[in-house]
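The values are calculated or read from the model by the stated rules, or taken from the named source; none is laboratory data. On a predicted model such as this, the values are computed, not experimentally measured, just so you know. Reconstructed Cβ throughout: ideal geometry from the backbone, glycine too, with neighbour counts over all protein chains shown.
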Amino acid sequence: MLSHPLLPKLRQLRLSGMVHTLDLRASQASEQGLSPVEFLALLLDDELDRRHQTRMSRRLAQSSCDPEKSLALFDFAAAPGVNRTAIQELATCAFIARHENVLLCGPTGVGKSHLANAIAYEALKRDLRVLMRNTQRLLYDLHISRANGGYSRFLARVLSVDLLVLDDFGLQPINAQGAQDLYDIINERYERGSILLTSNRAFDEWGEPFANDLLASAALDRLTHHAHIQLVRGKSYRQRHRLQEVPAADPA
C-alpha cells in the first residue's frame, strides 16, 4: 500500500488525515466490499477529524486553559454549595451564542477557577475561540503590549474571542490605567461577546479594586445585565487537603 497511487495526490493537497489512514481504509474497503462512495466517506471523516484535532490543539494552547481541569474531574460532592444543574447547563455553552455573561462568586478555594476552566474547555471542544487569564495578568499584558507595539493586535484578540475568562477579579488592587482598560474591555464586549468572571468579592465591594466607584458601577451594570450569577459556597479545597495531611498528634 505504500505505493498507493492516491498518496502523492493526497500529500499535494495536504490531506494528511487521509494520508495516515489510507492503507487502513483501503484494506477495510476491500475486506468489507465498500462502495467507492463509502470508501471516500471514511477518508473524508478521517481528514475532518484530523483538522478538528489540529484546530483544537492550537486553540487550547492559545487559550491558556488547562485540559486537566475539566467538568468530569470537578468534585461536586466536595462542593455541595455548587448548583450542579446550572453548571451543566452553562457547560452546553448556549450562553455564548446569546452573548451572555457568567459570574462565579464565592470565597477563596471553593473551585471557582476550576469551574471557569471547565466551562471554557467545553467551549473549545465546540470549536469556539477562548482566552482565559488571571485578571491582573491580562491587564499587565495589555500594559506591556503598549510598550512593545503590540497593543492593537492583543486588544483585538481580547475583544474578538467568543469567550473571555477573567479569573480572580478583585484579588489585587488595580491601578487607574488597569481599571480603565478593564472597563473598556467589558464595555466593548457588552452584548457582543461573553465574559466569564470569577471573584471572591461581593458586588458592593467592586469599587475597592477599581479604586473608582463610577467605573465599578458602570462595569458591574454591563456585566450583570445579561448574566448567569452563580454563588459557589463551601470549604476551601486547599485547607481541606492541608488538614488531611496533618498527622494526628500522639496520645499523651
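Which one of Glu47, Glu38 is over 21 Å from the mean Cα position of the chain (by Cα), modelled with pLDDT of 85 or more and surrounded by 13 or more Cβ atoms within 10 Å (Cβ to Cβ)? First the steps, then the outcome.
Values: Glu47 fails: modelled with pLDDT of 85 or more.
Being over 21 Å from the mean Cα position of the chain (by Cα), modelled with pLDDT of 85 or more and surrounded by 13 or more Cβ atoms within 10 Å (Cβ to Cβ) holds for just one of Glu47, Glu38, which is Glu38.
Which strands (runs of 3 or more DSSP E) sit wholly inside the stretch 94-180 and have at least 1 residues that are among the polar types (S, T, N, Q)?
Of the strands (runs of 3 or more DSSP E) lying wholly inside the stretch 94-180, those with at least 1 residues that are among the polar types (S, T, N, Q) span 101-105, 130-134.
If I ask for residues that are surrounded by 10 or more Cβ atoms within 10 Å (Cβ to Cβ) and within 41 Å of the chain's Cα centre (by Cα), which ones from the stretch 1-13 would you list?
The answer is Leu6, Leu7, Pro8, Lys9, Leu10, Arg11, Leu13.
Considering only the stretch 163-189, how many residues are among the charged types (D, E, K, R) and either at positive phi or surrounded by fewer than 15 Cβ atoms within 10 Å (Cβ to Cβ) (or both)?
Final tally of qualifying residues: 2.
Give the residue, chosen from Ser217, Ser160, that is at pLDDT 90 or above, surrounded by fewer than 15 Cβ atoms within 10 Å (Cβ to Cβ), assigned by TED's automatic domain parsing to the domain that holds Asp127 and more than 25 Å from Ser64 (Cβ to Cβ).
It is Ser217.
Which condition number in (1) surrounded by fewer than 13 Cβ atoms within 10 Å (Cβ to Cβ); (2) basic (Lys, Arg); (3) modelled with pLDDT under 95; (4) over 25 Å from Gly81 (Cβ atoms) is the one that Arg146 fails?
(1)
Taking the stated definitions as given, is Arg98 surrounded by fewer than 22 Cβ atoms within 10 Å (Cβ to Cβ), of a type in the set (Lys, Arg) and in contact with a strand residue (DSSP E or B) (Cβ under 9 Å, 6 or more places away or on another chain)?
For Arg98, the condition - surrounded by fewer than 22 Cβ atoms within 10 Å (Cβ to Cβ), of a type in the set (Lys, Arg) and in contact with a strand residue (DSSP E or B) (Cβ under 9 Å, 6 or more places away or on another chain) - is met.
Got a sec? Which of Ala79, Ala29 is at pLDDT below 90, under 25 Å from Thr224 (Cα atoms), surrounded by 17 or more Cβ atoms within 10 Å (Cβ to Cβ) and aliphatic (A, V, I, L, M)?
Residue meeting the stated conditions: Ala79.
So, Arg192, is that one surrounded by fewer than 19 Cβ atoms within 10 Å (Cβ to Cβ), at pLDDT below 95 and over 19 Å from Asn134 (Cβ atoms) or not?
So Arg192 fails the test.
Condition test on Met56, is it within 30 Å of Ala91 (Cβ to Cβ) and either not assigned by TED's automatic domain parsing to the domain that holds Arg157 or not in a loop (DSSP other than H, G, I, E, B) (or both)?
Against the criterion (within 30 Å of Ala91 (Cβ to Cβ) and either not assigned by TED's automatic domain parsing to the domain that holds Arg157 or not in a loop (DSSP other than H, G, I, E, B) (or both)), Met56 qualifies.
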